[in-house]
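Here the structure is laid out as structure tokens; the discussion comes afterwards.
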Amino acid sequence: MRRLLHRYDHDVRLCVTELLTNVIDHGGVGTPATVRVAVLPTGHTRVEVTDPDPRALPLLTGPAGVTDESGRGLALLDAPAPRWGVEQCGDRKTVWCALAEEPPLDDVRAPAAPAVRSGR
């Protein structure tokens, strides 16, 4: 995943990492997931992670305590992403976020990166 996302900035890589971590934490290691990154005509970059559990919805809770080992993922996502949400569709859900950033340096009009499946 790191190799495929190298042309995007830190915020995009952070959002993908946090969304994939949620899939692993709530669905377990080996849960299949699809990652999409697209530069929209508006200049925003949209990050999407789709997994097969439409019931495990993300929830932005209050601040995590200093000794808490988890609970910061969606706060990390919420900081650079002016908009994020969830789309449920029968047997899966997609958690997405839109970041206001410049397109990747190597292609100003970059098309959406191909979907990448992770897991088995």
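The values are calculated or read from the model by the stated rules, or taken from the named source; none is laboratory data. Just so it is clear, the structure is predicted and the values come from calculations on it, not from any experiment. Don't worry about glycine lacking a Cβ; one is built from the backbone with ideal geometry, like all the others, and counts go over all protein chains shown. Heavy atoms of the whole protein, side chains included, go into the accessibility calculation; ligands, DNA and RNA do not. Shrake-Rupley method; radii C 1.70, N 1.55, O 1.52, S 1.80 Å.
Solvent-accessible surface of protein heavy atoms, probed at 1.4 angstrom with all chains present, puts Glu87, Glu18 in the order Glu87, Glu18, largest first.
Scalar couplings 3J(HN,Hα) for region 89-96, obtained by applying the Karplus form with A = 6.51, B = -1.76, C = 1.60 to θ = phi - 60°, are 8, x, 9, 7, 9, 10, 9, 10 Hz; x denotes Gly and Pro.
How about region 27-57: which trypsin sites (Lys or Arg not before Pro) there are in a DSSP loop, with at most 10 other Cβ atoms within 10 Å of their Cβ? If you can, show how the numbers build up before the last one.
On the way: sites: Arg36, Arg46, Arg55; in loops: Arg55.
Filter output for region 27-57: Arg55.
Compute the label zone of Gln88 within region 14-55: residues whose backbone N is under 15 Å from the point 7 Å along Cα-to-Cβ. The answer is 51-55.
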